[in-house]
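Engineer: The following block contains the structure, expressed as structure tokens.
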Amino acid sequence: MVYEQQKARTDKVKNCLEGRKSMAKPLNEVPVTALKGVGGALAEKLAKIQINNLQDLLFHLPMRYQDRTRIAPMGTLQPEMDCVVQGRVVAADVMMGKRRSLLVRISDGSGSIGLRFYHFSGAQKNQLKTGAEVRCFGEPRRAATGLEMYHPEYRVIKADDDTDVEETLTPVYPATEGLTQQRIRALCQQALEKLDNPDALQEFLPEEVRWQYQLGSLVDAVRFLHAPPPDVSYELLEEGQHPAQRRLSFEELLAHNLSMQKLRTLVRTVKSYPMPPKQELTQSFRKELPFALTNAQEKVLAEISQDMMEPEPMLRLVQGDVGSGKTVVAALAALQAVENEFQAAVMAPTEILAEQHEKNFKSWFKPLGITVAFLSGKVKGKKRQEVLEQIASGEAMVIVGTHAIFQDEVIFKKLGLAIIDEQHRFGVHQRMSLRKKGEANGGQPHQLIMTATPIPRTLAMSAYADLDCSIIDELPPGRTPVNTVVLGDDRRDQVIQRLKTACVEGRQAYWVCTLIEESEALQCQAAEVTAEHLKKTLPELSIGLVHGRMKAAEKLEVMDAFKAGHLHLLVATTVIEVGVDVPNASLMVIENPERLGLSQLHQLRGRVGRGSIASHCLLMYHAPLSQQSRERLQVMRDSSDGFVIAEKDLELRGPGEVLGTRQTGLASFRVADLERDSGLLEDVKNAGRVLLEQAPSNAEPLILRWLGHAEKYANV
Ligand code: ADP
Ligand code: MG
């Protein structure tokens, strides 16, 4: 009986212990306030650098390390290399110079060094008196008296003090105001102690993946990076190439890959409509075209056509350099939908482009008996009502416009194909909102996304992993490459003369004004001033102006006049960036090209070189140019290949800038670096496949671990 009682009691204790153990939460669920010494104020500071829970803290990796594991003999010190020294104070004086300071000289027998304090207290002065033994850490710099450390960290060593130097390298973390390194280090130390619990940071990579790609355990990697041993290869660490760093980058990239796959699966859960090519409308259209499609256009078209036959929605990204002829391909895809009695919608990113498409599609499709409707924010009142009815009744089978065509009030009768032109301005959000449109109809439209901004392969793999990709890698015949010249704006007068000569000879030209992009108002103003100036200087030319603040009708009128050849010169802001097609224009002046991204410049330049005459692009920069700007403009001069330019742009500016993180919904990475780690992407892709086969239930928590907040994007 006694035994029974005792057993019951031990069982109870045991259960209780076990209960406690299994209650240990994963670290992403433990707020930083659970740490000793973290209250509301500190938690707020941490939140500023995206540290909310203990997992965030552990993924907040050091940006570099200090070696405090050994005491350097003073005779061997090098300037600018952080180090620990220890010695006896041989002199301590308050210097009066330009600024009052305390200069303490310490010596260890092998040499000596000065410690200089511009701010010091009386107590400090007393502490650092002659004869005291001091250990300090800092960066020796050359000074008039030899090497000196300014405001080093220091400690006076008592006779009975035998504290050792550090056993591991000391991490230096990205910090924020009011958050010292000591503080972060202490917090990380506390968090690291919690890693002993197996649930703290669960391992989600299957054995096979870890074995195949030689990846250690996550916990080991995290421990290592917060406290590497002194004999580590510092070079690897600095470059982010250490196996422990690679382990984390790999996992983060894998999480992104899985989230993209999830997005893709989500989109494909809804059925679409098979639309086999019937070669009715498409044949008549081809017969009327004044040219034959290039092989590249044919190839891409065949891929699209095949996709549209499937009962699953097409999700295809077509990349084609400026002028490669994407519009015709879009038109043929739209016809395949219409042949099957489905509506096709074409969305452009700007009013000007939408209007240009409207004109093209109307002139192509009217002869085929197809009604094309146009909708943008500027179509209002009774006209808008009419258009909406045409779309709802199915009278309009092709709908062209700006993003207005996918707003809630627009009800399609039977939308079968959505074409999004110049997609680099649209992101995951928009792709997802299209999905909703389809669902309302009981099926998902096929999606065709077209971009002239070539997306470097590495970026495409991570940002657009949910799309299939086609490339139109050939320009229509008879194009002559644009000759690009880089010159300073001190040669403006010469440029204007050259412009005059060209225009008098019957050619047409663009003059593009750029300004800081955020300020459209200023940009428009600059264009107005420039247009005025050019009109005065070149009275013999007819000069037009377009900018984003003009009324749609005005803009269109000017564009039409330019297209028809009534204007010699078109002064414009970057609104003409994408898509505008005037083959007779063969000269372009771009002011302050150094303010634009390379891909944007490439887009602009693509407005010329569309006819058979030799074209010129003058990049007129404002001196002085930074080294990077110089390199960038050089790239424009040397290459006319959009892919090469995009790769260079990526190299010089980084992925966030190239894709526009905000627009694309491409979350930024914590550990991984797309450029540095691009070599991992292929392996990551395979690993994703293995993981979904062997441990599918790990996918969701892995995505959550790395993209917890960004995941919301996917649910738009
Ligand atoms: P982008 O790919 O930049 O959108 P567009 O579709 O505007 O290019 O086409 C650029 C120009 O090339 C247009 O004037 C178009 O009519 C013409 N074009 C397209 N395909 C061909 C082709 N196969 N042969 C000749 N000209 C073509
Ligand atoms: Mg286009």
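Derivation of every value follows stated rules applied to the coordinates shown; laboratory data play no part. This one's a predicted model, so the numbers in the text were calculated from it and none came from an experiment. Note that each Cβ is placed from the backbone with ideal geometry, even for glycine, and that neighbours are counted across all protein chains shown.
Engineer: Can you give the FRET efficiency for Leu236 and Thr180, using 1/(1 + (r/R0)^6), R0 = 30 Å, r = Cβ-Cβ distance, to the nearest 0.05?
Structural biologist: Taking R0 as 30 Å, the efficiency between Leu236 and Thr180 is 0.60.
Engineer: Separate question: Give the peptides 595-608, 480-493, 349-362, 205-218 in descending order of average Cβ contacts within 10 Å, highest first.
Structural biologist: 595-608, 349-362, 205-218, 480-493
Engineer: Starting from 0.36 nm per residue, how many nanometres of slack lie between Ile496 and Gln78 once their C-alpha separation is accounted for?
Structural biologist: Answer, rounded to one decimal: 144.8 nm.
Engineer: Related question: For the pair Lys299/Gln124, report the inter-label distance in nm, with labels modelled 7 Å from Cα in the Cβ direction.
Structural biologist: Each label point is offset 7 Å from its Cα along the Cβ direction, giving 6.9 nm.
Engineer: Continuing with the same structure: Looking at the P(r) of the range 481-592, how many percent of alpha-carbon pairs lie beyond 26 Å?
Structural biologist: Tail of the P(r) past 26 Å holds 12 percent of the pairs.
Engineer: Another question, if that's okay. Return the subset of Lys299/Lys366; Lys362/Lys551; Lys382/Lys551; Lys500/Lys551; Lys413/Lys551; Lys45/Lys194 for which the Cα-Cα distance in this structure is over 24 Å, preserving the input order.
Structural biologist: Violating the 24 Å Cα-Cα cut-off are Lys299/Lys366; Lys500/Lys551; Lys413/Lys551.
Engineer: While we're looking at this one, here's another question. For the ranges 315-322, 108-115, what's the packing order if you count other beta-carbon atoms within 10 Å of each residue, average per peptide, and put the highest first?
Structural biologist: 315-322, 108-115
Engineer: Can you tell me how the range 205-363 classifies by the Cα gyration tensor, rounded, prolate or oblate, using a/c under 1.5 as the rounded cut?
Structural biologist: prolate
Engineer: If you don't mind, there's one more thing I want to ask. Say the cut-off is 18 Å between C-alpha atoms; which of Lys25/Lys262; Lys278/Lys359; Lys326/Lys359 go over it?
Structural biologist: Lys25/Lys262; Lys278/Lys359
Engineer: How do Arg155, Arg116 line up, fewest other C-beta atoms within 10 Å first?
Structural biologist: Arg155, Arg116
Engineer: Which value, to two decimals, describes the C-alpha radius of gyration of the range 557-631 once divided by 2.2 N^0.38 Å?
Structural biologist: 1.17
Engineer: Now a separate question. Hey, what did the chain get for relative contact order, percent, Cα under 8 Å, at least 6 apart?
Structural biologist: So the answer I get is 12 percent.
Engineer: Any chance you could check the Cα centroid distance between the range 352-427 and the range 151-202 for me, in angstrom?
Structural biologist: 61
Engineer: Let me ask another. Could you tell me which of rounded, prolate or oblate describes the range 100-167, using a ≥ b ≥ c as the square roots of the eigenvalues of the alpha-carbon gyration tensor, with rounded for a/c under 1.5 and, failing that, prolate when a/b is larger than b/c and oblate otherwise?
Structural biologist: oblate
Engineer: Further question on the same structure: Expressed as a whole percent, how much of the Cα-Cα distance distribution for the chain exceeds 36 Å?
Structural biologist: Taking all Cα-Cα pairs of the chain, the fraction more than 36 Å apart is 57 percent.
Engineer: Go ahead and run the numbers for FRET between Lys380 and Met550, Cβ-Cβ distance against an R0 of 25 Å, rounding to 0.05.
Structural biologist: 0.90
Engineer: Which trypsin sites (Lys or Arg not before Pro) from the range 216-301 combine a DSSP loop assignment with at most 15 other Cβ atoms within 10 Å?
Structural biologist: Lys271, Lys278
Engineer: Separate question: If the reach is capped at under 17 angstrom between alpha carbons, list the aspartates and glutamates near Lys648, excluding any in the same chain fewer than eight residues apart.
Structural biologist: Answer for Lys648, where 17 Å is the Cα cut-off: Asp321, Glu594, Glu631, Asp638, Glu657, Asp673, Glu675, Asp677, listed by chain and number.
Engineer: Would you please classify the overall shape of the range 234-299 from the alpha carbon gyration tensor, given that a ≥ b ≥ c denote the square roots of the eigenvalues, rounded means a/c under 1.5, and beyond that prolate means a/b larger than b/c while oblate covers the rest?
Structural biologist: Since a/c reaches 1.5 but b/c is at least a/b, the shape of the range 234-299 is classed as oblate.
Engineer: What's log10 of I(q)/I(0) for the range 19-120 at q = 0.13 Å⁻¹, Debye sum over Cα points only, no solvent?
Structural biologist: -0.76
Engineer: Starting from 0.36 nm per residue, how many nanometres of slack lie between Ser284 and Asp196 once their C-alpha separation is accounted for?
Structural biologist: Fully extending the segment from Ser284 to Asp196 adds 24.5 nm.
Engineer: Per-residue ellipticity at 222 nm for the chain, helices alone: DSSP H runs ≥ 4 residues times -39500 (n - 2.57), over residue total, nearest 500 deg cm²/dmol?
Structural biologist: Computed ellipticity for the chain at 222 nm equals -12500 deg cm²/dmol.
Engineer: Shifting gears a bit: Describe numerically, in nm with one decimal, the distance between label points set 7 Å from Cα along Cα→Cβ at Thr163 and at Arg223.
Structural biologist: Simple spin-label model gives 2.5 nm for this pair.
Engineer: What ranking of Glu339, Glu239 emerges when the number of other C-beta atoms within 10 Å of each C-beta is taken as an exposure proxy, fewest first?
Structural biologist: Glu239, Glu339
Engineer: Ordered by packing density, taken as the mean number of other Cβ atoms within 10 Å over each peptide's residues, highest first, how do 624-631, 387-394, 132-139, 290-297 rank?
Structural biologist: Ranked from most to least packed, the peptides come out as 132-139, 387-394, 290-297, 624-631.
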